[in-house]
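The structure under discussion appears below in the form of structure tokens.
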Amino acid sequence: MSFLFPLLLTGGLVVALPIVLHMIRQRTQQRVPFSSLMFLRPALPRLKHRRRLENRFLLLLRCLIVLLLALAFARPFFAKALPPTVVRVGRRIVLLVDTSASMRRQGLWEQVGPMARSVLADTTALDRVCVMRFDRSLESVLSFEEWEGLGLDQRVSVTLARIADLSPGWHDTDLGQALVGAAEVLEDDEVNSAQSGGGAGQVVLISDLQQGSEVQALHAYDWPARTTLMVKSLACEGTTNAAPQWVQDRSHAVDATEKKTLRVRVTNAAAAQSEQFQLTWSGSSASGTAVYVVPGHSTVVSVPNQTTAAPINQLVLTGDDHDFDNTLYVAPQVRQQVTILYLGPDDPNDPEDMLYYVKRAFGSHGLYDFQVVARSGHDVIGDEDINAAHLILVADTVSRETLGALGRYLAKGRTVLLALTSVEQAAVLTGLTGSTAFTVQEAEVDDYAMLEHLDVTYPLLRPFAAPQFSDFTQVHIWHYRRVTLPDDAGARVLAWFDTDDPAWFRLKVDQGQLVTMSCGWQPEDSDLALSSKFVPLIYSILESGGLSIGQGIQYYVGDPVPLASRAIVVHKPDQTVVTVEAGQSRFTQTNQPGIYRMESALGSHSFAVNLAARESNTSPLSVDTLEQLGVTVTDAVAEAGVPTEQVRQARGWAVQEQEQKIWRWVLLAVWVVLLTEIALGAWLTQGVPEPE
Amino acid sequence: MTDRPGTPVTLVDPGALMRIKSLELRAKVIVEGLWQGIHRSPYRGFSVEFTEYRHYTPGDDPRYIDWRLYARSDRLYIKMFEDETNLSCHLLLDHSRSMSYGSGAHTKAQYAATLGATLATFLFHQGDAVGLALFDDALRQYLPCRNRPNYLHRLMVALETPPEGRATHLGRPMRQLAQMVTRRGLIVLISDLLTPIDRLEWELGALFARGHDVIVFQVLDPAELAFDLDTSALYEDLETGRELYIDPATAQQGYKERLGRHLDQIQTLCRGLGVGYYLFDTNRPFDAALLDFMQHRMRTRRARRRPRRARSGGVQ
């Protein structure tokens, strides 16, 4: 039998302890009364040779426990002859290539190929190489398996060709995540591959190593001890780099189209040699704005707003050494007209009517020009009027013609909000859904009813998902209509009254949706309009119709753009067109800077995508920073590991011991002996006569 | 009368006496046995000093008639000895739990109670008043000096109560006794004295200064003296309950040294005060204790009578 940790067998020497304890144990248990201990001092027991060993079998069991524990810790196994396997001793290298936006600087990317060639030139037939590229994300270009699958004479050329196909993108740099990913790839390869005695893994980083790189991921990562990092830092001429960012005014109180100036922050790199720059609108004949920025600092300047008059949307900075981040795209801010069609007999100036609150909910907005058009439901309303509306609110009975127009409106995938202020409006419900199974009755309310069981998972009520917004107990309903929903109507109840009657429900009508409230929001029915929930609720219903309120006009490369769950078409700066199906909540292909135009049935919307600001921070990042984060940085090429026979043998034995797991049986034996000792000790204690 | 190491009296083994269950009877046996031994000696009376004469009255023991004086005066006179004067004797008995220790057939408490009972019986029959004070860290029971019928029985009942005290303090009981006892007399302290004795000299001295005659009988078990136990175990203090792991083989020498110093201190301070001090182990015959008691009394009276002898005017 062999042992994986033979030194732990010395723990068996502790077996002397139970022998000593056994000999003094019985004496220790005795208590002898004595008149006074004032002349006595405590003394340790002294073993005498003539003391006899009693209960020898019990002592033997105790010694056996100690010996078995020492045996278990020594991890015994039956050694078998190790197979004469060929141990690969080659190196494992992950070539990590930086393809972030900062690599677009002049002269940088051209160095990548030769640098990679120099790394690959040192590889041998036993080495394994993996190529990965990174910017904001990490992506494999050539895996270890692909490398091994190539012929020996093809490996370097194919790898270089793959690298040559790469090009720097526009994303910012997440260096930390890239290094973590590369290290994990090495670890996975060590576990999965047949190498059992190979050399250490190495990550070779080819990058400009800029200070704007994100390294947060390294803080929480325990860098593997056997993995080293070699940095092939790329340098370029010219250290002056400045970049403009738009300081967006997010206040919607002022009409954005009326702003005469734009505020722009200009940041200058710490290693810059120049401090004077110029901001000029591309395509504009007007003179530019001079900017003075101290190296390592930033300043905010106001430039004339040229975006509103003409399609001028590029603000270009000049005066630095690198132009990859010199263009600031500014999307024109266009105030969109939004029409709300209200069908009802209400007086817009009467606080007792619902229209009064609708007009105030859709008040002035910096980006939207809300128009609330009030018509009677019995007026003749043509399709033009209907189709121009972004949202239709029905608060009264309607004529047959209007009902037909509403049906056609819904067929286009639009949204209608039906507020049941009377039981007669059941005809609207029936007319739009085509189902006569709906019954609407005036409910008898005892004092008042409240809303409960709101379905905040539905997009329309998602703004109320947070606990601080989901409390509707302050909304009191004094009158409502009890609606009986047929099972085959496909209705989704969004909110219930505390009387178990449906309060709000949504019906799918053709391609559109009919959102129905069982009560109005005028003071006679409820105080919903007077609560803080009314405005976000009505805006949410408007957005569910496809209009995105508060749609942003500036994003950074790689940022997802929220969508209104409708089918849209996106025109990218490179003139490509992307179609997004309905149901998608985000557009993620913002992979280049420029002006994007988003078109849908409700109109078009433009937004700008620019480089992330920190990508412009091109000052060199010290390698010490990576070392401080626990990364083992080395200048030397990883040496091919040549395990000694001892190492190979030790690893082989470790595998054998792992397979046999004899220590488990030894521990089981410990348990059995321990239980026997306990039982025997208890039995002997019962039978021991009292000492005389 | 001169005291001389005369013919030894036959001493009874305490173990044999202890088989007598009744304390009163046991004491009586001891005293009567001692009387018989004394009366067999050629020396009349016992080792007490002659003090005076008194007229013979029918019923007196004719052995004490002074025939020479009769020849001179033609009148019968009985010799009176100092013991026949009114003596008040207080037995101050240690009643702490340390006294309940015993390595043999009887404990120190039983030995001390027997000793006290013997002295009480002896003195009672001499016509002396005997009182009893039981103490541990304070006086727990006090019976004043009396010589009345059946009072001896009361003393025996009190002596038979087992010791319960959780501590021993010598000073406080002695102070209490000194405050209660106003008349000069004899105070016999029976204790194992296994307690700090830093105040003992002061308290004994105070009693002695009040005119009391003090005798100290220190009673110890042979195991306490020799510490020849052979059991390594947890030794528990009977008074405090404290436990110590003791290996007697390793602790014996140190124990005996410390005990020896303690005993020497007691002996030195008693000698310095003129207090009688006798060390007894519980195997020593009670008769010997009684003899020691009588010898002490004799010496004490001799020491006190020297000034009086100078004033004596002869025999009445």
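The values are calculated or read from the model by the stated rules, or taken from the named source; none is laboratory data. Just so we're clear, the structure is a prediction, and the values are computed from it rather than from any experiment. As a convention, Cβ positions derive from the backbone with ideal geometry for all residues, glycine included, and neighbour counts pool all protein chains shown.
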Given B:132, B:159, B:193, B:177, which one is over 22 Å from residue B:279 (Cα atoms) and aliphatic (A, V, I, L, M)? B:177
Does residue A:321 satisfy the criteria of being in contact with a strand residue (DSSP E or B) (Cβ under 6 Å, 6 or more places away or on another chain) and among the acidic types (Asp, Glu)? no
Can you tell me which residue within segment A:644-674, out of those that are modelled with pLDDT under 70 and of a type in the set (Val, Ile, Thr), is farthest from residue A:191 (Cα to Cα)? A:644
Among (1) surrounded by 17 or more Cβ atoms within 10 Å (Cβ to Cβ); (2) over 17 Å from residue A:417 (Cα atoms) - the single one residue A:442 does not satisfy: (1)
Considering A:188, A:174, which residue is at pLDDT below 90 and not hydroxyl-bearing (Ser, Thr, Tyr)? A:188
Answer yes if at least one residue in segment B:45-53 is at pLDDT below 80, surrounded by 13 or more Cβ atoms within 10 Å (Cβ to Cβ), in contact with a Ser or Thr (Cβ under 8 Å, 6 or more places away or on another chain) and not in a loop (DSSP other than H, G, I, E, B), and no otherwise. yes
Return the residues of segment B:250-275 that are free of Cβ contacts under 8 Å to residues at least 24 places away in the same chain and away from chain A (no Cβ under 14 Å); say none if nothing qualifies. B:267, B:268, B:271
Kindly check whether there is at least one residue in segment A:434-451 that is under 26 Å from residue A:340 (Cα atoms) and at pLDDT below 90. yes
Checking residue A:199 against (1) in a loop (DSSP other than H, G, I, E, B); (2) surrounded by fewer than 19 Cβ atoms within 10 Å (Cβ to Cβ); (3) modelled with pLDDT under 90, which test does it fail? (2)
Which numbered condition residue A:139 misses (of (1) modelled with pLDDT under 90; (2) over 20 Å from residue A:322 (Cβ atoms)): (1)
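Consider residue B:170 carefully, then state whether it is under 22 Å from the mean Cα position of the chain (by Cα) and within 14 Å of chain A (Cβ to nearest Cβ).
yes
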Considering segment A:605-643 alone, what residues qualify as being out of contact with any Gly (no Cβ under 9 Å at 6 or more places or on another chain) and modelled with pLDDT under 75? A:636, A:637
Using the structure shown, decide if residue A:373 is farther than 24 Å from residue A:508 by Cβ, modelled with pLDDT of 85 or more and of a type in the set (Val, Ile, Thr). yes
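Which one of A:176, A:181, A:212, A:169 is in a loop (DSSP other than H, G, I, E, B), within 25 Å of residue A:633 (Cβ to Cβ) and under 30 Å from the mean Cα position of the chain (by Cα)?
None of the other options fit; the residue is A:212.
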Give me the pairs, please: first residue somewhere in segment B:104-124 and closer than 18 Å to residue A:36 by Cβ and aromatic (Phe, Trp, Tyr), second residue anywhere and in a helix (DSSP H, G or I) and at pLDDT 90 or above, beta-carbon distance under 9 Å, and either six or more positions apart or on two chains. B:111/B:99
Spans of strands (runs of 3 or more DSSP E) in segment B:82-181 with at least 3 residues out of contact with any helix residue (DSSP H, G or I) (no Cβ under 9 Å at 6 or more places or on another chain) and modelled with pLDDT of 90 or more: none
Within segment B:95-150, residues touching a Leu at 6+ places or on another chain (Cβ under 9 Å), under 21 Å from residue B:224 (Cα atoms) and polar (S, T, N, Q) come out as B:96, B:98, B:100, B:103, B:110, B:114
May I ask you to say which residue of B:235, B:245 is at the interface with another protein chain (Cβ under 8 Å from one of its Cβ atoms), over 27 Å from residue B:159 (Cβ atoms) and surrounded by 19 or more Cβ atoms within 10 Å (Cβ to Cβ)? B:235
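Here is a yes/no grid of residues against (1) crowded, with 20+ Cβ neighbours inside 10 Å; (2) within 13 Å of chain A (Cβ to nearest Cβ); (3) hydroxyl-bearing (Ser, Thr, Tyr); (4) touching a helix residue (DSSP H, G or I) at 6+ places or on another chain (Cβ under 6 Å):
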{"residue": "B:223", "(1), (2), (3), (4)": "no, yes, no, no"}
{"residue": "B:277", "(1), (2), (3), (4)": "yes, no, yes, yes"}
{"residue": "B:289", "(1), (2), (3), (4)": "yes, no, no, yes"}
{"residue": "B:294", "(1), (2), (3), (4)": "no, no, no, no"}
Just to be sure before I move on: is residue B:210 out of contact with any Phe, Trp or Tyr (no Cβ under 7 Å at 6 or more places or on another chain), within 14 Å of chain A (Cβ to nearest Cβ), surrounded by fewer than 20 Cβ atoms within 10 Å (Cβ to Cβ) and not polar (S, T, N, Q) in the structure I sent? no
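A quick yes/no check of all residues on (1) among the acidic types (Asp, Glu); (2) within 30 Å of residue A:536 (Cβ to Cβ); (3) surrounded by 15 or more Cβ atoms within 10 Å (Cβ to Cβ); (4) free of Cβ contacts under 8 Å to residues at least 40 places away in the same chain:
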| residue | (1), (2), (3), (4) |
| --- | --- |
| A:275 | yes, no, yes, yes |
| A:278 | no, no, no, no |
| A:286 | no, no, no, yes |
| A:290 | no, no, no, yes |
| A:327 | no, no, yes, no |
| A:358 | no, yes, yes, no |
Among the candidates B:148, B:166, B:75, which residue alone is touching a Gly at 6+ places or on another chain (Cβ under 9 Å) and surrounded by fewer than 18 Cβ atoms within 10 Å (Cβ to Cβ)? B:166
